[in-house]
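Visitor: Dropping a structure here in structure tokens format, bear with me for questions.
The values are calculated or read from the model by the stated rules, or taken from the named source; none is laboratory data. All figures in this text were calculated on a predicted structure; none of them were measured in a lab. Every residue, glycine as well, gets a Cβ built from its backbone with ideal geometry; the counts of neighbours run over all protein chains shown. We work out accessible area using only protein heavy atoms, side chains counted, and drop any ligands, DNA or RNA first. Shrake-Rupley method; radii C 1.70, N 1.55, O 1.52, S 1.80 Å.
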Amino acid sequence: NGTLLFQAKGKVLFVWNINVEKLVSALAGARNPDMFTQIFQQYPAIESAQVHFAPSWMRTVPRNPARIKIVTST
């Protein structure tokens with residue numbers, strides 16, 4: 001009837017895709033870095049996040065999304 005049923009045993013790794021372009025746009029639109037936590041909470045696939053500014057003395061959010069770099073790890 002078009003149904004396939006099988007059993008599997010072992011370790012499973014679930015991977016979620018994140019819409020990086022949407023995330024970068026949201027970060028670029030943030031008025032200040034304090035808003036990042038709220039933005040990250042909108043993405044359940046983000047378990048943790050670290051924000052680094054370069055140069056280190058800079059504390060403003062780039063308005064140009066091309067200047068924001070997202071690095072992911074598993």
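Visitor: So for the chain, taking the charge dipole from beta-carbon charges (+1 Lys/Arg, -1 Asp/Glu), which of VAL15, LEU27, THR37 sits furthest toward the positive end?
Guide: Going by the Cα projections, it comes out as LEU27.
Visitor: Using a 1.4 Å probe, what is the accessible area per residue for the stretch 21-74, in Å²? Could you put the intermediate results ahead of the total?
Guide: Numbers: 4490 Å² over 54 residues.
Here the per-residue accessible area is 83 Å².
Visitor: In square nanometres and to one decimal, what's the mean projected area of the convex hull around the Cα atoms of the chain? Spell out each step's value before the answer.
Guide: Values: hull surface 31.3 nm².
Mean orientational projected area (the chain, Cα hull): 7.8 nm².
Visitor: Which whole-number percent is the relative contact order of the chain (Cα, under 8 Å, 6+ apart)? Provide the component values of the computation, followed by the final result.
Guide: Working: 34 pairs, mean separation 27.6, N = 74.
Relative contact order, the chain: 37 percent.
Visitor: Roughly how many percent of the accessible protein surface of the chain is carbon and sulfur, given a 1.4 Å probe and a whole-percent answer?
Guide: Working: 3720 of 7090 Å².
Solvent-exposed carbon and sulfur of the chain make up 52 percent of the total.
Visitor: What spacing in nm lies between the two simple spin-label points modelled at ASN64 and ILE39, each 7 Å away from Cα in the Cβ direction?
Guide: 1.7 nm
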